[in-house]
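The values are calculated or read from the model by the stated rules, or taken from the named source; none is laboratory data. Bear in mind the structure is a predicted one, so any value in this text is a computation, not a measurement. Glycine gets a Cβ as well: all are built from the backbone with ideal geometry, and neighbour counts include every protein chain shown.
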Amino acid sequence: MSDLSVLYDAPGPRAKVRNWLYTVAFVAVFALIAWWVLSEMADKDQLAGEKWKPFVEDGRVWTTYLIPGLLNTLKAAFLSIAIALPLGALFGIGRLSEHKWVRIPAGAVVEFFRAIPVLLMMVFANQAYAEYSTIESEMRPLYAVITGLVLYNAAVIAEIVRAGVLSLPYGQTDAAKAIGMRKGQLMLYVLLPQAVTAMLPALVSQLVVIVKDTALGGALLGFDELLGQVREITANYGANTIAAFTVVALIYILLNALLTTLASWVEGRVRRGKKSTGAVVAAGPGDTAGVDAPGVDAAGGPGGAGKTG
């Protein structure tokens, strides 16, 4: 019996023919819809060569609109990520605290900002900066976008951190306490390093969401990000809306693919590093177990605390 046969029954001869017919029908319907869409675009001259020429022959489209818009997108995304990651980790750890006066307020903040649409937070932040700050009107959309992204994504990242730590076997905590680790050492040297590997896929997905959500600021607040440049391009180059959106979409795809590839490389390095190294816990004042413990490492490897029940 193969591993796949455990998940579902192997199709018989009739089922194979039926699945093949379904596949052919789906491909035919998809091709028909694509042909209809392209025909409608061609009838409206959206596929004409002159609509696409500016992106190939006129460098001003890139230097005036696309590249500045991309840089603004990267700036807002980078600042949002740099602030949201440590803030989310802090609130995630706070939700795991044994003290109610830490756990309950942290949980309330996380649930509150996780429940509000990020666009709404951007609008409120923009209005608050206009009423109660001296930020220049040209810079206000950038600050509002970063504020909304940080508040929402920090709350989501806090839940990712909490879930990653809770996914670890409880024997990790027991073993660390048995050798005299304090709560801070337990979280810093044992739980968080192991939880990072489990959290990475969800964190990468959230980073991609941050990059894409910068477009919300351009749609409503007038932030000059990448997607917002489509309006300027179509206004100056003959209403080439489809071509402009296509080029911008390809830039987003390439940007997010690079981000995912980088994150996958980092994840591979983390996994390989955990197989060969362990964390050394420095002895603090009053510690009696401040020595290298062969039974505990940050990776939870063969000799780690994760094997202790």
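From (1) at pLDDT 85 or above; (2) over 28 Å from V266 (Cβ atoms); (3) not polar (S, T, N, Q), pick out the condition that doesn't hold for A178.
Unmet for A178, out of (1) at pLDDT 85 or above; (2) over 28 Å from V266 (Cβ atoms); (3) not polar (S, T, N, Q): (1).
Would you point out which residue out of L255, L259, L250, L227 is at pLDDT 85 or above and out of contact with any helix residue (DSSP H, G or I) (no Cβ under 8 Å at 6 or more places or on another chain)?
Only one candidate passes the filter, namely L250.
If I go through the range 242-258 residue by residue, how many of them are under 28 Å from S39 (Cβ atoms) and touching a residue at least 12 places away in the same chain (Cβ under 8 Å)?
Going through the range 242-258, the residues under 28 Å from S39 (Cβ atoms) turn out to be 242-253.
After this cut, where a residue has to be touching a residue at least 12 places away in the same chain (Cβ under 8 Å) as well, the list is 242-245, 247-248, 251-252.
Counting residues in the range 242-258 that are under 28 Å from S39 (Cβ atoms) and touching a residue at least 12 places away in the same chain (Cβ under 8 Å) gives 8.
With D174, D213 as the choices, which residue is of a type outside the set (A, V, I, L, M, F, W, C) and closer than 30 Å to F55 by Cβ?
On the way: D174 fails: closer than 30 Å to F55 by Cβ.
Criteria check complete, one pass: D213.
Does at least one position in the range 272-286 carry a residue that is under 19 Å from T173 (Cβ atoms), modelled with pLDDT under 80 and part of a helix (DSSP H, G or I)?
There is at least one residue in the range 272-286 that is under 19 Å from T173 (Cβ atoms), modelled with pLDDT under 80 and part of a helix (DSSP H, G or I).
Looking for something assigned to a loop (DSSP other than H, G, I, E, B), under 30 Å from T234 (Cβ atoms) and modelled with pLDDT under 95 - is there at least one such residue anywhere in the range 37-44? Talk me through it step by step, then tell me what you get.
Kept after step one, since they are assigned to a loop (DSSP other than H, G, I, E, B), are these residues of the range 37-44: 44.
From what's left, under 30 Å from T234 (Cβ atoms): 44.
Retained after the next criterion (residues that are modelled with pLDDT under 95): 44.
Yes, the conditions are met somewhere in the range 37-44.
Within the range 44-94, take every residue that is polar (S, T, N, Q) and surrounded by 15 or more Cβ atoms within 10 Å (Cβ to Cβ) and give me the one that is nearest to L200 (Cα to Cα). Walk me through how you get there before you give the answer.
So the first thing to find is which residues in the range 44-94 are polar (S, T, N, Q), and the list is 46, 63-64, 72-73, 80.
Applying the additional criterion that residues be surrounded by 15 or more Cβ atoms within 10 Å (Cβ to Cβ) yields 46, 64, 72-73, 80.
Details: Q46: 41, T64: 36, N72: 26, T73: 23, S80: 18 Å.
Filtering the range 44-94 for residues that are polar (S, T, N, Q) and surrounded by 15 or more Cβ atoms within 10 Å (Cβ to Cβ), the one nearest to L200 (Cα to Cα) comes out as S80.
Please enumerate the residues belonging to the range 205-229 that are buried (at least 20 other Cβ atoms within 10 Å of the Cβ) and in a loop (DSSP other than H, G, I, E, B).
Within the range 205-229, L221, F223, E225, L226, L227, G228 qualify.
Here are the criteria: (1) more than 30 Å from G228 (Cα to Cα); (2) in contact with a Leu (Cβ under 9 Å, 6 or more places away or on another chain); (3) at pLDDT 85 or above. Tell me which single one L74 does not satisfy.
Failed condition: (1).
Go through the residues of the range 95-109 one by one and say whether even a single one is free of Cβ contacts under 8 Å to residues at least 60 places away in the same chain, loosely packed, with under 12 Cβ neighbours inside 10 Å and not in a helix (DSSP H, G or I). First the steps, then the outcome.
Residues of the range 95-109 that are free of Cβ contacts under 8 Å to residues at least 60 places away in the same chain, as a first pass: 97, 99-109.
If we keep only those that are loosely packed, with under 12 Cβ neighbours inside 10 Å as well, we get 99-101, 108.
Checking which are not in a helix (DSSP H, G or I) leaves us with 99.
Yes, because at least one residue in the range 95-109 is free of Cβ contacts under 8 Å to residues at least 60 places away in the same chain, loosely packed, with under 12 Cβ neighbours inside 10 Å and not in a helix (DSSP H, G or I).
Mind telling me which of the residues A144, A202 ends up being surrounded by fewer than 22 Cβ atoms within 10 Å (Cβ to Cβ) and either modelled with pLDDT under 85 or within 27 Å of P86 (Cα to Cα) (or both)? I'd like the intermediate steps shown before the answer.
Numbers: A144 fails: surrounded by fewer than 22 Cβ atoms within 10 Å (Cβ to Cβ).
The unique qualifying residue is A202.
Only residues that are among the aromatic types (F, W, Y) and farther than 30 Å from G49 by Cβ: list them for the range 231-274, please.
Quick first cut of the range 231-274, residues among the aromatic types (F, W, Y) only: 237, 245, 252, 265.
Across the range 231-274, the qualifying residue is only W265.
Consider V24 carefully, then state whether it is in a helix (DSSP H, G or I) and at pLDDT 90 or above.
Criteria met by V24.
Could you go through the range 69-87 and let me know if any residue there is of a type in the set (A, V, I, L, M) and not in a helix (DSSP H, G or I). First the steps, then the outcome.
Initially, the range 69-87 is screened for residues of a type in the set (A, V, I, L, M), giving 70-71, 74, 76-77, 79, 81-85, 87.
From what's left, not in a helix (DSSP H, G or I): none.
Within the range 69-87, not a single residue is of a type in the set (A, V, I, L, M) and not in a helix (DSSP H, G or I).
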